[in-house]
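Novice: One structure, pasted below without further comment.
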Amino acid sequence: MARAQRFRFRDEPGPGGDGAVLEVRVPQVLHVQYGMYVWPCAVVLAQYLWFHRRSLPGKAVLEIGAGVSLPGILAAKCGAKVVLSDNSEFPHCLDICWQSCQMNNLPQVQVVGLTWGHLSKDILSLPPQDIILGSDVFFEPEATVRSADWSLEGLLYKWDMKCVHIPLESFDADKEDIAESTLPGRHTVEMLIISFAKTVSE
Ligand SMILES: C[S@@+](CC[C@H](N)C(=O)[O-])C[C@H]1O[C@@H](n2cnc3c(N)ncnc32)[C@H](O)[C@@H]1O
């Protein structure tokens with residue numbers, strides 16, 4: 001049975017801060033599927049979105065490998081038009097995406113089954129997206145090391161993309177307990193922004 005976990009994102013009052021607080025509750029289930037609980041990367045990505053929340057209203061945002069969807073739910077609560085997705089062959093993970101929407105009273109958020117590397121009717125019918133979110137989605141189920149380092153460079157080269165590393169301290173994520181949770185703990189988390197190397201007009 002799903003247990004709700006609460007994350008409370010806060011903007012410290014004072015110079016530059018507005019004292020805003022946002023609460024997100026997500027379901028968590030101890031389950032063999034990886035998407036049924038929050039991974040340390042998710043709370044870091046959610047903190048990044050919270051820090052940049054003023055740029056989110058009206059943006060089309062797709063979360064891939066969303067699982068319980070903490071970043072996507074936070075983006076929706078900040079005014080983005082969000083689509084959550086997980087592997088179309090993992091009904092439990094798609095169901096927990098729905099449960100997260102319900103728990104946060106977000107009936108407008110769409111949930112679709114998208115399997116990485118598969119072209120489907122669902123992916124082709126999505127409108128253009130401004131931002132694609134992914135937390136802890138660079139991993140190989142057979143491998144024990146969860147790292148983007150070994151896989152990313154070749155893909156950036158292949159698709160003519162670039163990657164910028166964002167220091168955690170630049171968005172108040174250089175701590176072990178974000179949003180009043182016990183995450184990310186002592187895990188090493190890297191925040192990366194990947195985009196096309198050239199703009200369309202170049
Ligand atoms: C480690 S979990 C991370 C979940 C969530 N993003 C987080 O950080 O809490 C990886 C997620 O990727 C999803 N996933 C794994 N293989 C996938 C695939 N081939 N296509 C789409 N999603 C996949 C899993 O179902 C799971 O939700």
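Novice: Which whole-Hz couplings ³J(HN,Hα) result when phi for each residue of the stretch 72-78 is put into the Karplus expression 6.51 cos²θ - 1.76 cosθ + 1.60, θ = phi - 60°, listed in order with x for Gly and Pro?
Specialist: My calculation for the stretch 72-78 gives x, 5, 4, 4, 5, 5, 8 Hz in order.
Novice: Something else about it: So what is the relative contact order of the stretch 57-115, in percent, for Cα pairs below 8 Å that sit 6 or more residues apart? Before the final figure, lay out the partial values.
Specialist: Details: 112 pairs, mean separation 21.1, N = 59.
Computed over the stretch 57-115, the figure is 36 percent.
Novice: Could I ask something else about it? For ALA60, list long-range residues whose amide hydrogen, built 1.01 Å from N in the peptide plane, is under 5 Å from its own amide hydrogen.
Specialist: When sequence neighbours closer than 5 places are left aside, the close amide H contacts are LYS81, ASP130, ILE131.
Novice: So, one more: Among residues other than SER85 whose Cβ falls under 12 Å from its Cβ, what is the net charge (Lys/Arg +1, Asp/Glu -1)? Let's see the in-between values first.
Specialist: Details: positive: none; negative: GLU63, ASP86, ASP122.
Once all neighbours under 12 Å are counted, the net charge is -3.
Bear in mind that the values in this text are calculations on the coordinates, not laboratory data. This is a predicted model, so every value here is computed, not measured. Ideal geometry is used to build each Cβ from the backbone, glycine not excepted, and the neighbour counts take in all protein chains shown.
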